[in-house]
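Read the structure below first, then the notes.
The values are calculated or read from the model by the stated rules, or taken from the named source; none is laboratory data. Because the structure is a prediction, the values reported are computed rather than measured. Here Cβ is always computed from backbone atoms with ideal geometry, including for glycine, and neighbour counts include all displayed protein chains. In case anyone asks, the SASA skips ligands and DNA or RNA and just uses the protein heavy atoms, side chains included. Shrake-Rupley method; radii C 1.70, N 1.55, O 1.52, S 1.80 Å.
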Amino acid sequence: MSKVVEISPTTRHEGHSKLVLKVNDEGIIERGDWLSITPVRGMEKLCIGKTMHQAPKISSRVCGICPIAHTLAGIGAMEASIGCEIPQDAFLLRLILQCANRLHSIALHDILALPDMYIPGTDVKINPFTPEEPVRTVAKRIQRLREIGQTVGEIAGGEPVHPSNPRVGGMYYNISPQAKQKLFDLAKEALPLAIAQMDFMISVFKNFEKRETVTVGKTTVDLPKEFGYHNQGYMAVDPVFQSTSLDFDPKWDPNRWTDVTPWDWYMGECEVSLEDPDYPIGGTSKIGTKAWPQMQACTSIPLYDGQPVEVGPRARLVQFKNFDHKGAMGQNIAREMEYPDCLYTMLDALDALDCNGSVLADEIPQGDGSLGWNANEAPRGTDVHLAKVKDGRVQMYNLLVPTTWNFPTCSRALEGAPWQLAEVIVRAYDPCVSCATHMLVVDENKKIIAQKLVQ
């Protein structure tokens with residue numbers, strides 16, 4: 001007979017989420033629901049009526065981890081709505097900024113993923129903050145890669161977190177030849193570090209994948225061969241940067257996107273019937289706790305061609321490099337493989353950048369209310385912003401961020417795994433839960449009602 005176990009909140013990722021799991025007598029997940037419990041901020045609604053210059057700055061505050069992606073996607077959506085093409089050198093500066101964000105994000109995920117892993121050839125779990133080798137060298141390398149990513153972001157974007165240089169129509173300013181040389185030097189320093197870090201992390205993930213058993217807290221469980229597998233599709237628009245509705249051949253289509261409400265996707269009301277006080281950290285929810293994923297989830301369920309899709313590093317490698325490594329470790333390995341690519345792209349963009357070139361469009365239309373969209377390949381996956389701008393003000397704004405896409409796919413990937421390893425699968429998707437949390441409509445019976453933002 002199935003039992004229900006709840007892990008709330010989940011840990012070592014951005015935002016607040018929880019897992020409600022139906023498991024069999026052996027503790028194997030039969031149905032898993034992973035959902036956001038982060039409070040709704042209503043960022044999209046805040047942007048209605050604001051100027052097209054204000055809205056992307058507002059939406060970037062949805063998160064402190066990936067504001068660069070949201071800034072670029074938001075500005076790109078505004079430009080798509082008004083029909084504004086930016087100069088090539090502005091595009092190159094944005095591309096450099098995109099690569100800096102990805103570099104920093106991969107390094108940050110390494111810190112969050114490592115405590116689940118083992119030093120290859122041992123049964124010793126990895127503590128990223130230990131002063132002992134070989135981990136000490138790895139930790140210092142991670143921190144230097146993060147520092148380089150943030151520094152590049154500050155130089156190209158104006159600030160290391162919420163970039164101030166990008167604007168509707170291009171960029172506020174180009175960089176100097178001296179700044180360009182500084183970015184060259186930083187990228188060249190980062191490249192061998194990134195390759196070394198990629199090699200180390202892939203060896204760690206492959207070592208985990210080959211293990212027969214894994215320890216979580218005080219419990220040892222068998223590791224299934226198809227750990228974290230799912231049968232959903234993949235979605236990606238570019239290996240590194242973006243696609244937009246202004247493209248000659250757009251790689252995303254809003255007509256293929258639909259939304260399902262949490263009420264129609266998640267499990268109904270249930271009661272926790274299995275608990276483990278030794279599960280780290282602080283134990284699982286106590287027996288008798290009421291869970292109601294349908295009502296507690298704070299995100300819609302986006303579908304593409306009527307199905308959930310995975311977005312992120314593996315989706316990009318599947319779409320553009322014939323990558324075929326499945327499961328949770330395949331997702332982690334794909335992320336590491338993007339380390340050198342973002343630096344090679346950064347170096348190519350710097351080589352092409354003309355520091356004397358214009359970075360602002362000659363004309364910036366004010367818009368007639370047409371729908372425009374920008375799909376940015378953020379570190380965690382395809383970040384789609386849709387907007388309608390008329391007379392310089394935002395009439396409609398919607399964010400379909402990576403973790404929103406991944407919630408349903410990752411939920412299905414939980415099936416067949418010991419429940420104690422559910423968080424390892426979730427962390428492989430490097431979730432950014434705050435970004436995915438949006439406004440919902442509830443009727444007098446507390447039932448969620450669909451709200452269609454794009455007709």
For this session: Tell me the strands (runs of 3 or more DSSP E) entirely within region 178-277 that contain at least 1 residues that are over 21 Å from the mean Cα position of the chain (by Cα) and under 20 Å from Y429 (Cα atoms).
Result: 213-216
For this session: Output yes when any residue across region 290-305 is in contact with a helix residue (DSSP H, G or I) (Cβ under 6 Å, 6 or more places away or on another chain), hydroxyl-bearing (S, T, Y), in contact (Cβ under 8 Å) with a residue 40 or more places away in the chain and open to solvent by less than 40 Å² (accessible area, probe 1.4 Å), and no when none is.
Result: yes
Exercise. Taking region 65-88 only, how many residues are farther than 17 Å from K50 by Cα, modelled with pLDDT of 95 or more and not aliphatic (A, V, I, L, M)?
Worked result: 5
Exercise. Exactly one of (1) small (G, A, S); (2) part of a loop (DSSP other than H, G, I, E, B); (3) surrounded by 21 or more Cβ atoms within 10 Å (Cβ to Cβ) is unmet by G153. Its number?
Worked result: (2)
Exercise. Which of (1) open to solvent by less than 20 Å² (accessible area, probe 1.4 Å); (2) within 21 Å of the chain's Cα centre (by Cα) is the odd one out, the single condition D341 does not satisfy?
Worked result: (1)
Seminar exercise, completed: Of the listed residues (I142, I119, I106, I148), the one being of a type in the set (V, I, T) and either open to solvent by 20 Å² or more (accessible area, probe 1.4 Å) or over 22 Å from the mean Cα position of the chain (by Cα) (or both) is I119
For this session: Any residue in region 246-258 that's without any contact (Cβ under 8 Å) to a residue 24 or more places away in the chain: show its pairings with residues that are among the polar types (S, T, N, Q) at Cβ separation under 7 Å, as long as the two are six or more apart or on different chains.
Result: P250/S243; P250/T244
Seminar exercise, completed: Taking region 128-139 and keeping only residues that are open to solvent by less than 80 Å² (accessible area, probe 1.4 Å) and not aliphatic (A, V, I, L, M), one is left with P128, T130, P134, T137
